[in-house]
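Below you'll find the structure, written out as structure tokens, and then a few comments.
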Amino acid sequence: MHNFSMILTGLAVAGSLLHAGESRLLHDGLLSQLRSEAARAHPSAIAGKHRETAAAKEVRSVRLWNDPMLGFGFMGASQMMRMDDGDIMVGFEQSLPKPGMFDAERAKMEAMRRAEAENSGNAALAAGALATKAAIELALADESIAMQQAQIQWMVEMAENAKQMAADPMGSGTDALRMETELAREKQMLEAAFRSRNGYAMNLNLALGRPLESHWPALKLPATAPPVPLAQAEIARIPHANPKVRAMREMTAAANADTRIAQRERLPEVAVGVDTQLYSGTGDIKSTTLGIKLSLPWFNDPVYQSNIDAAKSRELAAGSDVESMRREIASMVVMATTEAASTAAQARAYAGEIHDKALKARQTTEAAWISSKAPLTDLLDASRILFGIRLEERRMIAMQLAALEELHSLVPNR
């Protein structure tokens, strides 16, 4: 009995440490808070924000006018010639924008900016999913610990019964010794569960950017499985909700702008210039010339046409990549919804008839063992089956929440 008291004392201390704060239900509100905190603190999300800012700066870097050119020249000749024609030449030249080039380059940079914004959102979703899945694992560990504590409490009661039965002149002390062994084994398993729980809490703190030793109160999974969205409805939302697909659509828009840029590249380059000749002795202007320069791109027309064809091919490839990504995401959505629906159904089954039958079996076997009509091994087997069913039901709830979290990262609410 002294060993039993030590076990109960250890359980009480462990339980008080774990439940130092109030238990928190892992509901949608808490999950949303964890996603937001992880998105603010995770390095990948922060890097995505910096890339988005850089892309926004690049939009403003697109220029309509090229830098003007200013030139100087000096003539060495006789004074008479320098006085007549001037000996200092000043030239100014400005190239004119190609029609539509600025708009095409601006459209490309805008598309790249929007693509980086979607990539940043995807990084934030991934960071949030990492944190929520860690919280789900922690909640499952907490519920497992609570069930193990209840299991040990029940075994302590059965050990007391076994001791009383051994005190009977017709009884045997074998069951009492067996119960002590089982209790010692369960105690070791509980201690291991507490160590695992600490590891899950550290993982959650890492995902949130908190100190590793930050305390977490006991978390609780929902009592029943949440509803599961229809796969068809979620697949229909992919083009508008999934950040990867949206980013690739923006890259298609950037490829379209590249095609327009290649088409404008074949246009002639036009520049206007003014040349003035001065005499250094008096500063008088001797002559002024206004000129226009025009490139002749027709000699390199095959080169320009090849660039246009290549740009069009890249645009078509980008469009196919969007559809390929949409199908890949759709497959993942089907898997996530199927997993969520399957685990929800199993959770309901374990919580219903299967649990009721296992509970009745243990109660019946317990009564038979107390009346010496059933061996202790049958009672322990019935108890383990009931414990396994309860744990499996909680595990199915956790797996469903993880599948729904995966679904949320694929087709988030916007």
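Taking the conditions (1) surrounded by fewer than 21 Cβ atoms within 10 Å (Cβ to Cβ); (2) in a helix (DSSP H, G or I) in turn, Ala336 satisfies each one other than (1). Of the listed requirements (1) surrounded by fewer than 19 Cβ atoms within 10 Å (Cβ to Cβ); (2) of a type outside the set (Gly, Ala, Ser); (3) touching a Phe, Trp or Tyr at 6+ places or on another chain (Cβ under 7 Å), Asp87 misses just one: (1). Taking the criterion of being more than 30 Å from Arg326 (Cα to Cα) and in contact with an Asp or Glu (Cβ under 6 Å, 6 or more places away or on another chain), the residues of segment 248-278 that qualify are Ala271, Gly273.
Of everything in segment 312-328 that is under 20 Å from the mean Cα position of the chain (by Cα) and among the aliphatic types (A, V, I, L, M), the residue that is surrounded by the fewest Cβ atoms within 10 Å (Cβ to Cβ) is Met325. For segment 52-67, a residue qualifies if it is of a type outside the set (S, T, N, Q) and more than 16 Å from Met101 (Cβ to Cβ), and the qualifying residues are Glu52, Ala54, Ala55, Ala56, Lys57, Glu58, Arg60.
In the set Glu93, Glu37, Glu110, only one residue is surrounded by 11 or more Cβ atoms within 10 Å (Cβ to Cβ), modelled with pLDDT of 90 or more, among the charged types (D, E, K, R) and touching a Gly at 6+ places or on another chain (Cβ under 6 Å); that residue is Glu93. If you check Pro217, Pro222, which single one turns out to be surrounded by fewer than 15 Cβ atoms within 10 Å (Cβ to Cβ) and touching a Leu at 6+ places or on another chain (Cβ under 9 Å)? It is Pro217.
Note on segment 149-168: residues that are surrounded by 14 or more Cβ atoms within 10 Å (Cβ to Cβ), modelled with pLDDT under 85 and not small (Gly, Ala, Ser) total 1. In segment 282-304, the residues that are closer than 18 Å to Glu93 by Cα form Cβ pairs under 9 Å with partners that are assigned to a helix (DSSP H, G or I), at six or more places apart or across chains, as follows: Ser287/Asp85.
Contact map, segment 122-139: first residue closer than 15 Å to Gly209 by Cβ, second residue among the aromatic types (Phe, Trp, Tyr) and assigned to a helix (DSSP H, G or I), Cβ cut-off under 9 Å, separation 6 or more or different chains; pairs are Ala134/Tyr200; Ala135/Tyr200. The residue pairs whose first member lies in segment 215-241 and is under 18 Å from Thr337 (Cα atoms), whose second member is acidic (Asp, Glu) and surrounded by 16 or more Cβ atoms within 10 Å (Cβ to Cβ), and whose beta carbons are closer than 9 Å, counting only pairs six or more residues apart or on different chains, are Ala241/Glu234.
With respect to Ala231, determine if the residue is in contact with a Phe, Trp or Tyr (Cβ under 7 Å, 6 or more places away or on another chain), surrounded by 13 or more Cβ atoms within 10 Å (Cβ to Cβ) and on the phi < 0 side of the Ramachandran plot. Please lay out each step first, then the result.
Numbers: in contact with a Phe, Trp or Tyr (Cβ under 7 Å, 6 or more places away or on another chain): no; surrounded by 13 or more Cβ atoms within 10 Å (Cβ to Cβ): yes; on the phi < 0 side of the Ramachandran plot: yes.
When the stated conditions are applied, Ala231 does not pass them.
Here Asp142 meets each of (1) crowded, with 16+ Cβ neighbours inside 10 Å; (2) under 30 Å from Ser280 (Cα atoms); (3) in contact with a strand residue (DSSP E or B) (Cβ under 8 Å, 6 or more places away or on another chain) with one exception, condition (2). When we screen Ser383, Ser342, Ser331, Ser372 for residues that are outside any helix (DSSP H, G or I) and either in contact (Cβ under 8 Å) with a residue 60 or more places away in the chain or surrounded by fewer than 17 Cβ atoms within 10 Å (Cβ to Cβ) (or both), the only hit is Ser372. The requirement of being part of a helix (DSSP H, G or I), under 28 Å from Asn413 (Cα atoms) and among the basic types (Lys, Arg) is satisfied by Lys133. Contact annotation: residue pairs with Cβ atoms under 9 Å, 6 or more positions apart or on different chains, pairing a residue in segment 164-178 that is within 11 Å of Ser372 (Cα to Cα) with a partner that is at pLDDT below 70 and assigned to a loop (DSSP other than H, G, I, E, B), are Met165/Gly171; Met165/Ser172.
Going through segment 289-311 one residue at a time, which ones are within 30 Å of Asp84 (Cβ to Cβ) and loosely packed, with under 11 Cβ neighbours inside 10 Å? Working first, answer last.
Step one: filter segment 289-311 for residues within 30 Å of Asp84 (Cβ to Cβ), giving 289-293.
Result: Leu290, Ile292.
Condition test on Leu30, is it aliphatic (A, V, I, L, M), touching a helix residue (DSSP H, G or I) at 6+ places or on another chain (Cβ under 8 Å), under 23 Å from Lys133 (Cβ atoms) and crowded, with 19+ Cβ neighbours inside 10 Å? When the stated conditions are applied, Leu30 does not pass them.
Name the residues in segment 74-101 that are in contact with a helix residue (DSSP H, G or I) (Cβ under 8 Å, 6 or more places away or on another chain), closer than 20 Å to Ala257 by Cα and not in a helix (DSSP H, G or I), would you? Those that are in contact with a helix residue (DSSP H, G or I) (Cβ under 8 Å, 6 or more places away or on another chain), closer than 20 Å to Ala257 by Cα and not in a helix (DSSP H, G or I): Lys98, Pro99, Gly100. Scanning segment 46-55 for any residue that is modelled with pLDDT under 90, farther than 30 Å from Asn122 by Cβ and touching a helix residue (DSSP H, G or I) at 6+ places or on another chain (Cβ under 6 Å) turns up nothing. Exactly one residue out of Ala104, Ala54, Ala139, Ala123 is assigned to a helix (DSSP H, G or I), more than 17 Å from Glu250 (Cβ to Cβ) and either in contact with a Cys (Cβ under 6 Å, 6 or more places away or on another chain) or of a type outside the set (Ser, Thr, Tyr) (or both), and it is Ala139.
The values are calculated or read from the model by the stated rules, or taken from the named source; none is laboratory data. Computed from a predicted model, the values in this text were never measured in an experiment. Note that we place each Cβ from the backbone using ideal geometry, even for glycine, and neighbour counts take in every protein chain shown.
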